[in-house]
1. Taking the range 153-188 only, how many residues are assigned to a loop (DSSP other than H, G, I, E, B) and either touching a Ser or Thr at 6+ places or on another chain (Cβ under 8 Å) or of a type in the set (Asp, Glu) (or both)?
2. Select from the range 70-127 the residues that are in a loop (DSSP other than H, G, I, E, B), surrounded by 15 or more Cβ atoms within 10 Å (Cβ to Cβ) and touching a strand residue (DSSP E or B) at 6+ places or on another chain (Cβ under 8 Å) and list them in ascending order.
3. Can you tell me which residues in the range 140-152 are free of Cβ contacts under 8 Å to residues at least 60 places away in the same chain and either within 15 Å of the ligand (Cβ to nearest atom) or part of a loop (DSSP other than H, G, I, E, B) (or both)?
4. Look through Leu116, Leu102, Leu92 and report the one residue that is among the aliphatic types (A, V, I, L, M) and within 21 Å of Arg210 (Cβ to Cβ).
5. Out of all the residues in the range 157-167, is one or more β-branched (Val, Ile, Thr) and within 16 Å of the ligand (Cβ to nearest atom)?
6. Could you list all residues from the range 102-134 that are free of Cβ contacts under 8 Å to residues at least 12 places away in the same chain, of a type outside the set (Ser, Thr, Tyr) and within 12 Å of the ligand (Cβ to nearest atom)?
7. Being of a type in the set (A, V, I, L, M, F, W, C), closer than 21 Å to Phe74 by Cβ and modelled with pLDDT of 95 or more narrows it down to one residue among Ala152, Ala182, Ala192; which is it?
8. Looking only at the range 1-46, filter to residues that are in a loop (DSSP other than H, G, I, E, B) and surrounded by 11 or more Cβ atoms within 10 Å (Cβ to Cβ); which one of those is modelled with the lowest pLDDT?
Amino acid sequence: MDGSTVLLWNWSAQPSSPTALAELEDASSVLADVRFSEASDRWVWSLAANRRFSAASIKALAAKESALEGLQPFGKCSWVPEKCNIFVWRSLLDRIPTRQALARRNIRIDSVFCVLCGDSVESVDHLFSGCEMSLRVWNRLCEWANIPHIFAFSFGDLVEHYKFCPGNKEYKEVVRGLIIVACWCIWNARNAKFFSSKETSWEKIFGEVRSLGFFWLKNRSKHRNIVWVEWCKSPLYMV
Ligand SMILES: [Zn+2]
């Protein structure tokens, strides 16, 4: 034996498309350098110099990646559920399955256009800051909460908007949470339309933001005395 590897493929269907053939060529070139030995198998963590996995090594790697991408740290909002905070954090990283993201990962989809409006490519920035449906939600939310209108060019601008709102620190935190809740509701409406063909409207999404916002703020913060009738007029009455 000269130590070289001979590969015998056993196909259920012969690869024929250009992509499959290119992948086969890639796989063959990777496998060409593989040498089998009698030693038992072991895992190697190739991203650390000592080739051993540790939580510290992955933490250092994540910190390095975030610094490279210029990401701002996202501080969570304590009065909205964790799932909403995580959703916004993932959106900031462009890690939610929008149609643009799916197409980028070569997942076969019928269209890359926005599920809600059908006018533009469905990216995170479009869905939350450019889509007609979302813009109407933001306009209504701003009127209701008595805050400056949102002109966001990106998802990042949107989640930072609370900083430019009048009011004390407490009210800013309420506004911040409402923006997070609204992103969550827009995404849910988009999914309900996409997966269950449920039609939606900006009024419906706004109604959801107002009631979920009330429920979560009342049950998850010190604002336990808020009153629904007053809240519906404007959350500004709290301050
Ligand atoms: Zn749209």
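1. Narrowing the range 153-188 to residues assigned to a loop (DSSP other than H, G, I, E, B): 153-154, 165-168.
Right, trim to either touching a Ser or Thr at 6+ places or on another chain (Cβ under 8 Å) or of a type in the set (Asp, Glu) (or both) and you get 153-154.
Within the range 153-188, residues that are assigned to a loop (DSSP other than H, G, I, E, B) and either touching a Ser or Thr at 6+ places or on another chain (Cβ under 8 Å) or of a type in the set (Asp, Glu) (or both) number 2.
2. The answer is Val112, Cys114, Ser120, Glu122.
3. Step one: filter the range 140-152 for residues free of Cβ contacts under 8 Å to residues at least 60 places away in the same chain, giving 142-143, 147-152.
Correct list: Ile147, Pro148, His149, Ile150, Phe151, Ala152.
4. Values: Leu102 fails: within 21 Å of Arg210 (Cβ to Cβ); Leu92 fails: within 21 Å of Arg210 (Cβ to Cβ).
Just a single option satisfies the conditions, and that option is Leu116.
5. Step one: of the range 157-167, the residues β-branched (Val, Ile, Thr) are 159.
Now drop any that are not within 16 Å of the ligand (Cβ to nearest atom), which leaves none.
Within the range 157-167, not a single residue is β-branched (Val, Ile, Thr) and within 16 Å of the ligand (Cβ to nearest atom).
6. The first filter runs over the range 102-134 and keeps only residues free of Cβ contacts under 8 Å to residues at least 12 places away in the same chain, leaving 102-110, 118, 120, 130.
Narrowing the set further to residues that are of a type outside the set (Ser, Thr, Tyr) leaves 102-110, 118, 130.
Within the range 102-134, Gly118, Gly130 qualify.
7. Numbers: Ala152 fails: modelled with pLDDT of 95 or more; Ala192 fails: closer than 21 Å to Phe74 by Cβ.
Ala182 is the lone residue from the list that is of a type in the set (A, V, I, L, M, F, W, C), closer than 21 Å to Phe74 by Cβ and modelled with pLDDT of 95 or more.
8. Restricting attention to the range 1-46, the residues satisfying the condition of being in a loop (DSSP other than H, G, I, E, B) are 1-17, 33-46.
Checking which are surrounded by 11 or more Cβ atoms within 10 Å (Cβ to Cβ) leaves us with 5, 15, 45.
On the way: Thr5: 67, Pro15: 86, Trp45: 88.
So the residue we want is Thr5.
The values are calculated or read from the model by the stated rules, or taken from the named source; none is laboratory data. Note that the structure is a prediction, hence the values are computed from the model and not measured. Every residue, glycine among them, receives a Cβ derived from its backbone with ideal geometry; neighbour counts consider all protein chains shown.
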